[in-house]
Ligand SMILES: [Zn+2]
């Protein structure tokens, strides 16, 4: 799943770090020429030109790690969801089943007094279960139980489309089991990584102390966690290598998988976790299972139990009493630079979105999303698809044979807009008004079991991978579809009050971005049915790689923070999508202007031509402030470039931009070797 804004891992961090405590309905952050800094030459630094005044007038709120339009929008969505949940939590005779679920989950989270009074008690039974484990076989049963209630020690187990037969869902086991957001934090010895490891140890020491361990014992436990996670990290594949689906394509029989690492007791695990009797699965990183097998054998049982306890404790901490919440927040604070924890009601709204997202989402779209928005979006998607079709047709470097295949794939791309047509049914999840952690565990177990039940079944193409209030969008290669939740269909991305030029620079570019993902370094390897299957001629494949390398090299020279440069290979797919998306969105706008008999579309507004307003609308979306800590974290983990380069990296490759602003060859926004893939 390739998203527009941030990768799922960071989504967790980001949703846990959002927003200031302002109530009431704030207006959506729309497009305005007031954000422009007219003292800057647009051909010198377009990002600074489009965002200069916004940057001068904006501050990162203390409970944020960054400030950018989609975070502002998320803030606004939180307000709306807050209103829905407060009402649902208040109870009353009119409450239906959905309001009961979301209202009681939210209410149990807001009942801080009773959560604080319980202290460590809610997590004690789980810690006792682990303590009672008497051998390594029984430990794997316990890990299966822990995986069901949420935390993911040691490895990940999930279901997904078969890479070679997208219509069929199969089981996957994958590397995992780390607390810090990337393997680099464990194996790299630069000052930043050493510091973050120490913070992990401090945080773990504090949390173990809170469960009743002596300070000495807790410090020893924390060291054990670091030792085991460092061993797991050493055998994990890095993010850049994981981008190539071929590196994650290792389908084998269940017995072959079990034989890779006898100490994982995989067959026993599959039984304990309640998996169906499947015969084949994808082991995404066989080396991980082979190498870590030795670790499981050599590490004492008590050390492994300490490691599993840590994952259980750390996952529960945000939903326990205040000292646990504070200790857990420290780690996030040091990783992202966020100064303050967000208000409790925001954490509780985010929790409800995470656990019962399609129940809360139903209420959210009732309030926010009308059929009119969907119609206008469908029309734009259609226009953008036509524009990409023409772009493919006009490519000088691609043979007719591959072009025909590319068009078949483009035509097969489906779209989803707003919200799912079939809502997830949460009726079997037991939600109690006075049992926060129990609610979280039961909702997690519902989701884990739902995922496991899909194994060896046909793919449900109606399913969504994001909840409706999410301010994001994605392309999925196995579904071969683009998806736009209701949450992103608002200003500054999509504004009914604005001219088409600004909207094509906003949501038009998002649509173009997602469509281009179907043809980026990853997407191009999948066929129209979503299977990993090469449909390119050898020569065209080479021509693609050459052009993709141009983008990778270009972005590798951009400095994210201090002297830290972007990883051009990690961000290649997103940068390709940004470049292609901008080109086809602008082409679509030009068609609209050409087709407009009234001449209205071509007129200047506020002194700017439609092409200039397109680029200004695009720039506005990425006006951004980041704390240095989160900027560093993102370079390592985020396949998306920072806002400044999502704008300048794209426009300097576009002759259309240079024409719109009258830039000259020697100016910074005119790349000497402009890259062009799509
Ligand atoms: Zn993307």
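A few remarks follow.
- Share of alpha-carbon pairs per 10 Å distance bin for the range 556-596, given as whole %: 26, 30, 23, 16, 5
- Counting only the Cα atoms, the range 121-319 fills a convex hull of 126 Å³ per residue.
- Interatomic Cα distance distribution for the range 529-678, bins of 5 angstrom, percent: 2, 8, 16, 18, 18, 15, 11, 8, 4, 1, 0
- Exposure proxy ranking, count of Cβ atoms within 10 Å, fewest first, for 329, 504: 329, 504
- With Cα atoms, 0 to 90° folded angle of helix 628-637 axis to the chain main axis: 90
- For the range 397-541, the Kirkwood hydrodynamic radius from C-alpha pairs, put into Stokes-Einstein at 37 °C and a viscosity of 0.692 mPa s, yields a diffusion coefficient of 183 µm² per second.
- Cα convex hull of the range 280-337 - mean projected area over all directions, nm²: 6.6
- Neighbour counting of Cβ atoms within 10 Å sorts the residues 598, 230, 284, 470, fewest neighbours leading, into 598, 230, 284, 470.
- Compared with the dominant Cα axis of the chain, that is its longest principal axis, helix 371-394 is turned about 70°.
- Distance from the range 550-586 to the range 388-421 (C-alpha centre basis), Å: 22
- In the chain, the longest principal axis of the Cα atoms and the axis of helix 538-556 are about 80 degrees apart.
- Taking every DSSP bridge with both residues inside the chain, close to 75 percent are antiparallel.
- Euclidean distance between Cα centres, the range 194-218 to the range 310-348, Å: 14
- Contact order relative to length of the chain, as percent, for alpha carbon pairs under 8 angstrom and 6 or more apart: 22
- Translational D in µm²/s for the range 43-145 (Stokes-Einstein at 20 °C, 1.002 mPa s, Kirkwood Rh from C-alpha pairs): 113
- Each of 341, 143 was scored by other Cβ atoms within 10 Å of its Cβ. Listed from fewest to most, they are 341, 143.
- The mean sequence distance of close C-alpha pairs (under 8 Å, at least 6 residues apart), as a share of the length of the range 121-319, puts its relative contact order at 30 percent.
- Computed [θ] at 222 nm, deg cm²/dmol, the chain (DSSP H ≥ 4; -39,500 (n - 2.57); rounded to nearest 500): -17000 deg cm²/dmol
- Bins of 10 Å, starting at 0 and running to the largest distance - Cα pair percent for the chain: 3, 15, 25, 27, 19, 9, 2, 0
- With all projection directions averaged, the alpha carbon convex hull of the range 473-614 covers 11.3 nm².
Every number in this text was worked out from the coordinates using simple rules, so none of it is lab data. Since this is a predicted model, take the numbers as computed values, not measurements. Here the Cβ is made from the backbone with ideal geometry for all residues, glycine too, and neighbour counts use every protein chain on show.
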